[in-house]
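Let me begin by presenting the structure, written as structure tokens, before commenting on it.
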Amino acid sequence: MSHIGALIVDDDLNKISIIIKTIQEVVNDTLSISQASSVQEAIENLQNKEFHLLITDLQMPLKHDSDATNDGGKALLKNMYRKKSKANIPMYIVGLTQFEHLQKDFKGVWKVWHYDSSKEDWKVYLRDLIHHINLVKSRISSERIETIFVEGPTDKKLIEATIKYYFKGYEDRVYIETIHYGGGASWVERQIVIWAKTLAKHSTEERYLKAVGIFDGDLAGFNAIEKVRELIGDNSAESKTFSILSNSYKYSTILKSIKKKGIVFQTTIEDLVDVQQWIIAKEKGWLIHRDENHIEIDENILDLNTIILDEKSLVSLGFTKEEALLITHKVDDNNKKNFGNLVCENPDSLLAIKYQFEEVLEKLKISQ
């Protein structure tokens with residue numbers, strides 16, 4: 001499938017939406033738009049993919065957890081051109097900033113345009129550039145396919161292992177996308193919104209290419225899902241291009257049993273893994289205690305005044321030892337990679353993720 005691929009380095013979704021709309025005015029091809037909010041995130045995107053065009057703000061953070069700096073755009077170009085960065089240099093690079101003083105201060109081979117949503121100048125320049133790219137884009141000829149956006153590398157690793165073990169032949173039918181630094185619920189939210197705005201269609205079918213965003217079942221995931229719903233109208237064309245799922249207890253027999261007995265907690269993909277792997281992980285010291293503020297107790301089933309959230313007390317209330325382990329512990333962030341490697345060596349422990357992926361295929365309209 002022929003498409004134009006662009007990386008937009010900016011955290012303003014309204015600005016990104018206007019950029020996408022401007023590009024769509026001059027091309028009929030499928031658009032493949034990726035987004036980054038920091039230099040670090042942009043470099044990782046450039047390491048993982050090839051793009052025809054890079055559109056970047058000049059003011060941005062160097063890393064996902066740092067403050068924006070006026071030298072962000074310069075730092076991005078400097079890092080990108082370093083051989084050791086292993087970044088795929090885009091065919092064209094454009095700076096697009098609302099800060100005129102940054103535009104004047106920037107000296108380099110690439111153009112910098114002043115962004116003003118009410119002005120046409122930069123839009124004319126962008127449309128002309130896209131028209132040119134459309135004529136010469138054969139250098140990058142990858143196909144765009146249905147995509148799953150996930151919060152982090154462990155999510156991707158476990159889903160890929162699930163596909164390899166349970167869905168042989170499907171490895172090339174979906175693309176799983178994440179980022180190592182600066183991921184999480186807000187990243188998935190941004191990618192879903194941008195995907196929706198591009199309104200990409202199949203080359204051989206009159207239907208939209210679909211994406212699925214998978215969020216953790218926590219407060220950050222809930223807030224991100226609500227933000228997507230605020231930005232994309234329920235009855236809009238954009239809403240038909242994606243679906244949203246959570247790493248929910250509904251896929252797991254043991255988590256459903258825990259809920260039936262009166263307890264639910266914020267779930268991640270690790271919670272969907274068979275509990276035998278958790279027992280091994282505890283022995284290896286990879287687990288930490290779960291924050292009790294992230295555990296909800298159904299007072300119609302359990303007495304809030306007497307319940308103590310430790311393994312021994314939970315067993316005395318009728319929970320199994322395995323259930324008590326899951327309730328009271330979670331995988332330490334520093335050991336998620338180790339946990340993921342362990343699980344991939346025992347793929348029969350991925351049954352709950354298999355059930356989740358079956359729903360993903362249904363949402364993507366990919367037949368089994």
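The values are calculated or read from the model by the stated rules, or taken from the named source; none is laboratory data. Quantities reported herein were computed from a predicted structural model and do not represent experimental measurements. For neighbour counting, all protein chains shown are included, and Cβ atoms are generated from backbone atoms with ideal geometry for every residue, glycine included.
Yes or no: region 190-199 includes at least one residue that is under 27 Å from Asp10 (Cβ atoms), surrounded by fewer than 17 Cβ atoms within 10 Å (Cβ to Cβ) and aliphatic (A, V, I, L, M).
So in region 190-199, the residues under 27 Å from Asp10 (Cβ atoms) come out as 190-199.
With the extra rule that they be surrounded by fewer than 17 Cβ atoms within 10 Å (Cβ to Cβ), the set shrinks to none.
So far as region 190-199 goes, no, none of its residues is under 27 Å from Asp10 (Cβ atoms), surrounded by fewer than 17 Cβ atoms within 10 Å (Cβ to Cβ) and aliphatic (A, V, I, L, M).
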Tally of residues being without any contact (Cβ under 8 Å) to a residue 24 or more places away in the chain, in a loop (DSSP other than H, G, I, E, B) and within 30 Å of Ser349 (Cα to Cα) across region 225-257 = 0
task = Kindly indicate whether Ala75 is closer than 22 Å to Ile192 by Cα and either in the same structural domain as Val124 (by TED's automatic domain parsing) or in a loop (DSSP other than H, G, I, E, B) (or both).
result = no
ask   = Among all residue pairs at least 6 apart or on different chains, which show Cβ distances below 8 Å where the first residue, located in region 115-128, is without any contact (Cβ under 8 Å) to a residue 40 or more places away in the chain and the second is part of a loop (DSSP other than H, G, I, E, B)?
value = Asp116/Gln98; Trp122/Tyr115; Trp122/Asp116
message = When the residues of region 133-172 are narrowed to those that are surrounded by 14 or more Cβ atoms within 10 Å (Cβ to Cβ), part of a loop (DSSP other than H, G, I, E, B) and modelled with pLDDT of 90 or more, which ends up farthest from the chain's Cα centre (by Cα)?
response = Phe167
inquiry  = If a residue must be over 20 Å from Trp195 (Cβ atoms), among the small types (Gly, Ala, Ser) and in contact with a helix residue (DSSP H, G or I) (Cβ under 6 Å, 6 or more places away or on another chain), how many such residues does region 238-262 contain?
reply    = 1
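Residue by residue, here is whether (1) within 15 Å of the chain's Cα centre (by Cα); (2) part of a helix (DSSP H, G or I); (3) not hydroxyl-bearing (Ser, Thr, Tyr) holds:
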site	(1), (2), (3)
Asp11	yes, no, yes
Val27	no, no, yes
Leu31	no, no, yes
Ala42	yes, yes, yes
Gln47	no, yes, yes
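Any idea which residue in region 175-189 is surrounded by the fewest Cβ atoms within 10 Å (Cβ to Cβ), counting only those that are touching a Lys or Arg at 6+ places or on another chain (Cβ under 6 Å) and closer than 13 Å to Pro153 by Cβ?
Our first condition is that a residue be touching a Lys or Arg at 6+ places or on another chain (Cβ under 6 Å); within region 175-189, this holds for 176, 178, 189.
If we keep only those that are closer than 13 Å to Pro153 by Cβ too, we end up with 176, 178.
Details: Ile176: 18, Thr178: 23.
Applying the filter and picking the extreme gives Ile176.
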ask   = So is Val264 touching a strand residue (DSSP E or B) at 6+ places or on another chain (Cβ under 6 Å), farther than 20 Å from Lys365 by Cα and assigned to a helix (DSSP H, G or I) or not?
value = no
